[in-house]
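To start, the structure under review is shown below, and the notes come after it.
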Amino acid sequence: MKWTLKPKPDIAVVHSLANDLNIDTKLAEILVQRGIKTFDEAKHFFRPSLDDLHDPFLMQDMQVAVARITKAIENGEKVLIYGDYDVDGTTSVSLMYSYLKHIHPYLATYIPDRYNEGYGISFTGIDFAHDNEFTLIIALDCGIKAIEKVAYATEKGIDFIICDHHKPGDQIPDAIAVLNPKRVDCDYPYKELCGCGVGFKLIQAIAQQKGETIDDLLPYLDLVVTAIGADIVPMTGENRILAFYGLKVINTSPRIGIQALTQHLNKKELSISDVVFIIAPRINAAGRIKHASYAVDLLISENLDLAKDIAKEIEEFNAHRKELDQEITQEALIQIQNNNETDTYTTTVYHEDWHKGVIGIVASRLTETYYRPTVVFTKSGEFLTASARSVKGFDVYNALDACSEFIEQFGGHKYAAGLSIKPENYENFKLKFEETVKNTIEKELLEPEIEIDAELHLSNISPKFYRIINQMAPFGPLNKRPVFQSSSVRDNGYGKQVGQDKTHLKLTVFQGNPKNCIGAIGFSLGDKIEHVQQEFDIVYQLDENTWNGNTSIQLQLKDLK
């Protein structure tokens with residue numbers, strides 16, 4: 001990895017903040033790097049407040065959306081809550097259903113089938129709504145590009161409210177209301193909400209009109225934090241406030257479905273990492289392997305026994321997902337080697353039998369391996385469907401846009417997107433994608449980089465230092481867990497490879513005084529054992545290790561040289 005030390009912030013500002021907060025200057029340095037320069041800014045950062053959430057009516061079309069839902073309730077209309085099949089979509093649907101069912105009995109949920117309908121709003125879903133006399137569809141985490149579908153629904157007498165956060169195209173669907181902070185004509189102050197976050201702003205607006213307070217909406221934040229973590233949106237502004245309180249709900253009074261999913265965990269407190277790596281993959285597994293309606297049924301369940309049964313099935317889906325993911329990743333790696341494509345600027349692979357539900361995960365794995373923009377295709381009906389993933393700093397959405405002559409449909413974000421093409425366009429797309437990336441990517445972006453917040457002497461690490469680092473949570477994009485570098489450390493001589501296949505590295509290191517040692521673990525760094533015989537430099541995050549009932553601070557190594 002390329003090690004990049006972040007520029008040192010203004011030393012006067014750092015010392016002033018350190019004095020005001022009575023903290024180590026290294027901690028103050030990290031805060032200033034994150035834009036926190038005054039006592040008041042630090043107070044808002046360390047003690048997020050629900051009072052700092054923005055007025056939902058600042059969002060374009062919010063007034064219209066609330067008026068249309070109110071009318072549907074007053075007239076006893078049937079309302080269909082429609083969402084995508086990933087975590088953001090299923091949590092959004094569960095959120096909207098859980099809230100509206102208390103004020104409106106004529107509700108149903110709809111998640112498109114990943115394999116038969118594909119991403120987003122489908123004609124099949126609109127036909128279902130028409131056949132079952134639904135007159136309003138609230139679409140969540142999708143719909144911003146569904147121009148034809150919304151027009152089709154209008155012909156059938158069905159109104160649409162769209163809650164989305166994906167990048168809009170040049171034209172916006174002609175729906176009753178389109179809630180999306182990324183709309184160019186939307187002045188909403190915070191642009192980085194996930195789909196479930198936009199859905200939450202809608203229920204916040206309805207609640208405000210009914211005279212409810214933000215405290216009445218706290219029980220819904222376990223769903224919002226799950227979506228924020230899974231969708232990898234910036235952990236700043238409203239996202240950080242919602243995630244902070246959402247974690248409190250998960251750890252004190254989670255909904256029955258989340259209780260059922262986490263009952264096997266032997267943990268006192270769940271962190272955002274647990275949400276991202278334990279809860280989210282299981283919710284996702286339902287849509288990847290069977291149908292995402294399992295996830296919605298789990299998340300809206302009010303019966304613990306039923307929720308436990310669904311959670312058990314989802315656990316099985318997740319185990320199957322892991323097997324497929326490993327198997328297809330291996331096949332893709334072999335395909336790349338056989339095609340002699342290890343020196344290209346992109347990775348594009350295809351097999352007609354690969355499971356559509358895991359190609360996104362496989363794309364992420366290949367990006368980690370070769371560190372370049374990656375597209376993984378499989379066959380889906382008459383088309384080839386793909387998931388695209390990117391490397392830090394490169395906008396894969398724009399790259400796909402440049403290849404649009406060979407694409408039937410695409411959508412997504414800067415770092416992750418989905419697309420479909422005609423089979424006869426595969427080779428043309430592959431060549432065009434390679435050419436586009438080659439001509440637009442900066443070479444240094446193809447080298448994995450680890451950003452370092454600060455250089456630290458191991459003697460700075462204390463329980464108080466570690467405690468304050470933890471208070472910077474929840475961590476995520478733009479507020480990552482701090483990464484430190486320490487130079488010229490030594491191992492105490494007992495360093496060893498650990499793990500079943502000796503892939504991990506366990507050390508006890510010191511800097512200067514051999515009596516002041518601290519434990520270190522480096523996952524997947526076992527092959528670096530040869531570098532620890534002399535002095536070496538390390539990059540790490542701070543962590544805790546519990547062994548035989550004793551808990552101590554340890555270094556989680558990211559790299560060493």
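Each row is one residue, and each column tells you yes or no for (1) among the aliphatic types (A, V, I, L, M); (2) under 22 Å from A280 (Cβ atoms); (3) part of a loop (DSSP other than H, G, I, E, B); (4) touching a residue at least 60 places away in the same chain (Cβ under 8 Å).
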position: S94; (1), (2), (3), (4): no, yes, no, yes
position: Y97; (1), (2), (3), (4): no, yes, no, yes
position: Y119; (1), (2), (3), (4): no, yes, yes, yes
position: I126; (1), (2), (3), (4): yes, no, no, no
position: A139; (1), (2), (3), (4): yes, yes, no, no
position: C142; (1), (2), (3), (4): no, yes, yes, yes
position: K145; (1), (2), (3), (4): no, no, yes, yes
position: E148; (1), (2), (3), (4): no, no, no, no
position: A151; (1), (2), (3), (4): yes, no, no, no
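Pairs please, first residue from region 165-182 and outside the structural domain of T154 (by TED's automatic domain parsing) and touching a residue at least 60 places away in the same chain (Cβ under 8 Å), second anywhere and surrounded by fewer than 20 Cβ atoms within 10 Å (Cβ to Cβ) and part of a loop (DSSP other than H, G, I, E, B), Cβ atoms under 8 Å, 6+ apart in sequence or on different chains.
Partner pairs satisfying both residue conditions: none exist.
Which one is farthest from R288 (Cα to Cα), of the residues in region 381-401 that are in a loop (DSSP other than H, G, I, E, B) and in contact with a Phe, Trp or Tyr (Cβ under 7 Å, 6 or more places away or on another chain)? So that I can check it myself, show each step before the final result.
Initially, region 381-401 is screened for residues in a loop (DSSP other than H, G, I, E, B), giving 381-382, 390-395.
Filter again for in contact with a Phe, Trp or Tyr (Cβ under 7 Å, 6 or more places away or on another chain), leaving 390-391.
On the way: S390: 21, V391: 24 Å.
Here the residue is V391.
On the given criteria, is R321 in a helix (DSSP H, G or I), more than 25 Å from L242 (Cβ to Cβ) and not assigned by TED's automatic domain parsing to the domain that holds S94? Even if it seems obvious, please write down each step before you answer.
Details: in a helix (DSSP H, G or I): yes; more than 25 Å from L242 (Cβ to Cβ): yes; not assigned by TED's automatic domain parsing to the domain that holds S94: yes.
It is true that R321 is in a helix (DSSP H, G or I), more than 25 Å from L242 (Cβ to Cβ) and not assigned by TED's automatic domain parsing to the domain that holds S94.
Which of (1) surrounded by 22 or more Cβ atoms within 10 Å (Cβ to Cβ); (2) more than 25 Å from I232 (Cβ to Cβ) is the odd one out, the single condition V358 does not satisfy?
The single condition V358 does not satisfy is (2).
Which members of region 469-495 meet the condition of being crowded, with 17+ Cβ neighbours inside 10 Å and under 25 Å from the mean Cα position of the chain (by Cα)? Can you show your working first?
Of region 469-495, the ones crowded, with 17+ Cβ neighbours inside 10 Å are 469, 472-476, 479, 481-486, 489-491, 495.
I469, M472, A473, P474, F475, G476, N479, R481, P482, V483, F484 - these are the residues of region 469-495 that are crowded, with 17+ Cβ neighbours inside 10 Å and under 25 Å from the mean Cα position of the chain (by Cα).
Tell me yes or no: at least one residue of region 179-186 is in contact with a Lys or Arg (Cβ under 6 Å, 6 or more places away or on another chain) and either of a type in the set (A, V, I, L, M) or crowded, with 19+ Cβ neighbours inside 10 Å (or both).
Checked region 179-186: at least one residue is in contact with a Lys or Arg (Cβ under 6 Å, 6 or more places away or on another chain) and either of a type in the set (A, V, I, L, M) or crowded, with 19+ Cβ neighbours inside 10 Å (or both).
I'd like the full set of residues that are among the β-branched types (V, I, T), out of contact with any Ser or Thr (no Cβ under 6 Å at 6 or more places or on another chain), in contact (Cβ under 8 Å) with a residue 24 or more places away in the chain and under 17 Å from T369 (Cβ atoms), limited to region 300-356.
From region 300-356, those among the β-branched types (V, I, T) are 300, 310, 314, 328-329, 334, 336, 342, 344, 346-349; that's our starting set.
Adding the requirement that they be out of contact with any Ser or Thr (no Cβ under 6 Å at 6 or more places or on another chain) leaves 310, 314, 328-329, 334, 336, 342, 344, 346, 348-349.
Filter once more, so that each one left must be in contact (Cβ under 8 Å) with a residue 24 or more places away in the chain: 310, 314, 328-329, 336, 342, 344, 346, 348-349.
Scanning region 300-356 gives I328, T329, I336, T342, T344, T346, T348, V349.
Under the condition of being of a type in the set (S, T, Y) and closer than 28 Å to E74 by Cβ, which residue from region 183-227 is modelled with the lowest pLDDT? Show your work before the answer.
Residues of region 183-227 that are of a type in the set (S, T, Y), as a first pass: 188, 190, 213, 220, 226.
Add one more test, that the residue is closer than 28 Å to E74 by Cβ, and what stays is 188, 213, 220.
Working: Y188: 98, T213: 95, Y220: 98.
The qualifying residue modelled with the lowest pLDDT is T213.
Could you grab me the full set of residues in region 379-401 that are in contact with a strand residue (DSSP E or B) (Cβ under 6 Å, 6 or more places away or on another chain) and of a type in the set (S, T, Y)? Can you show your working first?
Here is the first cut: in region 379-401, the ones in contact with a strand residue (DSSP E or B) (Cβ under 6 Å, 6 or more places away or on another chain) are 383-389, 396-397, 400.
Listed by number, the residues that qualify are T385, S387, Y397.
Having 1 or more residues that are of a type in the set (S, T, N, Q), within 30 Å of the chain's Cα centre (by Cα) and not assigned by TED's automatic domain parsing to the domain that holds I241 is the bar; report the helices (runs of 4 or more DSSP H) wholly within region 1-71 that clear it. Walk me through how you get there before you give the answer.
Numbers: elements: 11-21, 25-33, 39-46.
Counting at least 1 such residues, we get 25-33.
Could you grab me the full set of residues in region 459-487 that are modelled with pLDDT under 95 and either in the same structural domain as L242 (by TED's automatic domain parsing) or over 30 Å from Y245 (Cα atoms) (or both)?
S459, N460
Here are some residues: L50, L80, L5, L17. Which one is of a type outside the set (S, T, Y), touching a Phe, Trp or Tyr at 6+ places or on another chain (Cβ under 7 Å), at pLDDT 95 or above and under 27 Å from E192 (Cβ atoms)?
On the way: L80 fails: under 27 Å from E192 (Cβ atoms); L5 fails: touching a Phe, Trp or Tyr at 6+ places or on another chain (Cβ under 7 Å); L17 fails: touching a Phe, Trp or Tyr at 6+ places or on another chain (Cβ under 7 Å).
Result: L50 is the single residue among L50, L80, L5, L17 that is of a type outside the set (S, T, Y), touching a Phe, Trp or Tyr at 6+ places or on another chain (Cβ under 7 Å), at pLDDT 95 or above and under 27 Å from E192 (Cβ atoms).
Have a look at G83, G89, G76 and point out the one that is at positive phi and not assigned by TED's automatic domain parsing to the domain that holds N22. Before you say what the answer is, go through the steps one by one.
Numbers: G83 fails: at positive phi; G89 fails: at positive phi.
G76 is the lone residue from the list that is at positive phi and not assigned by TED's automatic domain parsing to the domain that holds N22.
Out of the residues in region 83-120 meeting the condition of being modelled with pLDDT of 95 or more and of a type in the set (G, A, S), tell me which one is surrounded by the fewest Cβ atoms within 10 Å (Cβ to Cβ).
Here the residue is A108.
So in region 402-429, with the set limited to residues that are in a loop (DSSP other than H, G, I, E, B) and modelled with pLDDT of 95 or more, which one is farthest from the chain's Cα centre (by Cα)?
Step one: filter region 402-429 for residues in a loop (DSSP other than H, G, I, E, B), giving 403, 407-408, 413-415, 422.
Checking the rest, the ones that are also modelled with pLDDT of 95 or more come to 403, 407, 422.
Numbers: C403: 26, I407: 26, K422: 29 Å.
Result: K422.
In region 405-415, is there at least one residue being buried (at least 21 other Cβ atoms within 10 Å of the Cβ) and not hydroxyl-bearing (S, T, Y)?
No; the residues of region 405-415 include none that is buried (at least 21 other Cβ atoms within 10 Å of the Cβ) and not hydroxyl-bearing (S, T, Y).
Can you confirm whether T551 is of a type in the set (V, I, T), more than 22 Å from Y466 (Cα to Cα) and free of Cβ contacts under 8 Å to residues at least 40 places away in the same chain?
Details: of a type in the set (V, I, T): yes; more than 22 Å from Y466 (Cα to Cα): no; free of Cβ contacts under 8 Å to residues at least 40 places away in the same chain: yes.
Taking the combined requirement at face value, the residue does not satisfy it.
The values are calculated or read from the model by the stated rules, or taken from the named source; none is laboratory data. Predicted, not measured: the structure shown is a model, and the values here were computed from it. Every residue, glycine among them, receives a Cβ derived from its backbone with ideal geometry; neighbour counts consider all protein chains shown.
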